[in-house]
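The values are calculated or read from the model by the stated rules, or taken from the named source; none is laboratory data. Everything quoted here is computed from the prediction, not taken from an experiment. Neighbour counts are summed over all protein chains in view; Cβ atoms, including those assigned to glycine, are modelled from backbone coordinates with ideal geometry. Quick note on the areas: whole protein, heavy atoms, side chains included, nothing else; ligands and nucleic acids left out. Shrake-Rupley method; radii C 1.70, N 1.55, O 1.52, S 1.80 Å.
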Amino acid sequence: MPQELRFRDCQRQDHDRCLAIFDGNTPEFFAFQEREAFERYLTKERLPYFVVEDGQGIIVACGGFVIERGEADLAWGMVERSVHGQGIGTFLFDQRLEAIRKTGASVLHMDTSQKSLGFYKRYGFRVEKETLNGYGPGLHRYDLCLNL
Ligand SMILES: CC(C)(COP(=O)(O)OP(=O)(O)OC[C@H]1O[C@@H](n2cnc3c(N)ncnc32)[C@H](O)[C@@H]1OP(=O)(O)O)[C@@H](O)C(=O)NCCC(=O)NCCS
């Protein structure tokens, strides 16, 4: 890990920073029309959602998951656009996976675009469904699955 990173629960006062991270990744990785759904998601306080802080205490990534009927779904994972490629996405994924394993979930689902597909495939996710322009024009949706 190139720097000290801290994984902690997301608090209400972190929401604006999470939305700013979303905005920095739009429209390259997210479609503008997804913002409202993300904002709504952040207010669902009972769902596990986390942030990653760098050594200065600045939030550089966020992401969560949902457990339903013994299966997990990754939700809204993202790294601040200016610090992609520094290992932060790996840290965020590993920490979430560790938390998910503790729940005893047997399967992990997620969806992402063609822009991040390669990142998740490295973990062995398989593509279950491909929806062209599923998030918006030019942003295809891939539903992925990983047995835990
Ligand atoms: C996908 C994402 C989380 C990856 O985070 P990151 O911090 O840039 O990734 P890392 O630096 O940890 O990358 C680790 C490795 O994955 C590779 N990698 C990163 N993004 C990749 C991609 N899109 N395709 C293929 N490989 C990728 C890196 O090259 C690196 O490889 P290496 O270890 O051989 O050097 C980040 O790009 C992101 O936030 N994207 C926007 C949001 C998004 O699309 N989220 C998807 C789910 S909602």
Qualifying trypsin sites (Lys or Arg not before Pro) in segment 42-148, DSSP loop, other Cβ atoms within 10 Å at most 12: LYS44, ARG46, ARG69, ARG122
- line: Nearest-0.05 FRET efficiency for PHE119 and ASP23 at R0 = 22 Å, using Cβ-Cβ distance, is 0.60
- line: Rounded to the nearest 0.05, FRET efficiency between THR131 and ASP9 (Cβ-Cβ, R0 35 Å) equals 0.65
statement: Of the residues TYR123, THR112, GLN3, the Cα lying farthest along the dipole of the chain towards its positive end, which is defined by charges on the beta carbon of Lys, Arg, Asp and Glu, belongs to TYR123
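At 222 nm, what value in deg cm²/dmol follows for the chain if DSSP H runs of at least 4 each add -39500 (n - 2.57) and the sum is divided by all its residues, to the nearest 500? Could the numbers behind the result be given before it?
Numbers: 4 runs with 39 residues, N = 148.
Computed ellipticity for the chain at 222 nm equals -7500 deg cm²/dmol.
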statement: Measure of exposure for SER82: accessible area at 1.4 Å probe, Å² rounded to 10, is 90 Å²
task: Could you tell me which of rounded, prolate or oblate describes segment 6-147, using a ≥ b ≥ c as the square roots of the eigenvalues of the alpha-carbon gyration tensor, with rounded for a/c under 1.5 and, failing that, prolate when a/b is larger than b/c and oblate otherwise?
output: rounded
message: Can you tell me what percent of all Cα-Cα pairs in segment 10-87 are more than 16 Å apart?
response: 50 percent
message: If you average the alpha carbon positions of segment 118-148 and of segment 1-69, how far apart do those two centres end up, in angstrom?
response: 20 Å
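Can you give me the relative contact order of the chain as a percent, contacts being Cα pairs under 8 Å and 6 or more apart?
RCO, the chain: 21 percent.
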